[in-house]
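Trainee: I have a structure here, written as structure tokens, and I will follow up with some questions on it.
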Amino acid sequence: MDSPVDEDSDDRARERAEARAALVRLSRMPRDDPEYDSLREYVIGEYMSYARYVAGRFRLRGETLQDLEQVAYLGLVKAVDNYEPDYGTTFLTYATPMIAGEIKRHFRDATWDLHVPRRMQEVSAAVRAAEAELTQVLGGPPSAEDIGRRLDLSADEVADAYEAVAAYHTASLDVPVALADGDGSTLGDLLGDEDPGIELVVDREALKPLLGKLTPREKRILLMRFFRNMSQAEIGSELGVSQMQVSRLLSQILGRLQEQLGVARAER
């Protein structure tokens, strides 16, 4: 009498044979056949455990296993849809590189935090692999020239590859940063921001030569109004003119300065 282990082994062998037969039948069935969709679903379901196995080989590369399995299923579906048994290749031999390739494309295209050209992604991966290999051979970290000779790259290309690696993972501005005083600031809190006063400094420097062209009377009016904070009536009293005249004089002076300042900005 067969043991339970033998019976399970026989059941698995029978299931694998049925799956292979269904796959061959599916590959030769017209896609508009009424049974095509259900048979395709059955075949995919039978091989999903193998797709999970392939995904598991990549599980220590930073992505969740669940995400990798979803990508592996996509590769499995493509393999099922494109498999040709008449070529003499077994399905797993055909499907394995297709599933693994789909996962590698996922790492290449979807896991970089910043967009990096595909060529640079490939060079960066090759540089990291060469660095690890040469470290073992040389007994210490290799130089950029060592890596360049190994990969037939210039030192600048190796440096660019290392810079691209920094784009694989970027730090969130919301990451807490431990400070000496225990303050719970985030990285974003510690980054500098654009200083709105910079433009004022530029304008102030641009105004200096324009102010130098004013008459002594015009300079006096601006001094009293903006540096001594005198009202128009007080200025008029000191100059012996009406408040209305002071208002007109201020408008003329400021209008001329604004026009000249606009010209200076356009020339920068």
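The values are calculated or read from the model by the stated rules, or taken from the named source; none is laboratory data. Source: prediction; values computed, not measured. All Cβ positions, glycine included, derive from the backbone under ideal geometry; neighbour counts span all protein chains shown. The protein model used for the area step is the full one, side chains on, heavy atoms only, and it has no ligands, DNA or RNA in it. Shrake-Rupley method; radii C 1.70, N 1.55, O 1.52, S 1.80 Å.
Trainee: Would you confirm whether any residue within region 209-231 is polar (S, T, N, Q) and in a helix (DSSP H, G or I)?
Mentor: No, there is no match, as no residue in region 209-231 is polar (S, T, N, Q) and in a helix (DSSP H, G or I).
Trainee: Would a scan of region 109-119 turn up a residue that is at pLDDT 85 or above and either under 24 Å from Ala17 (Cα atoms) or open to solvent by less than 40 Å² (accessible area, probe 1.4 Å) (or both)?
Mentor: Taking every residue of region 109-119 in turn, none turns out to be at pLDDT 85 or above and either under 24 Å from Ala17 (Cα atoms) or open to solvent by less than 40 Å² (accessible area, probe 1.4 Å) (or both).
Trainee: So, in region 58-69, of the ones that are under 13 Å from Ala100 (Cα atoms) and modelled with pLDDT under 85, which residue ends up least open to solvent (accessible area, probe 1.4 Å)?
Mentor: Step by step, filter region 58-69, then rank; the result is Phe58.
Trainee: Given Ala72, Ala21, Ala79, Ala55, which one is surrounded by fewer than 13 Cβ atoms within 10 Å (Cβ to Cβ) and among the hydrophobic types (A, V, I, L, M, F, W, C)?
Mentor: Ala21
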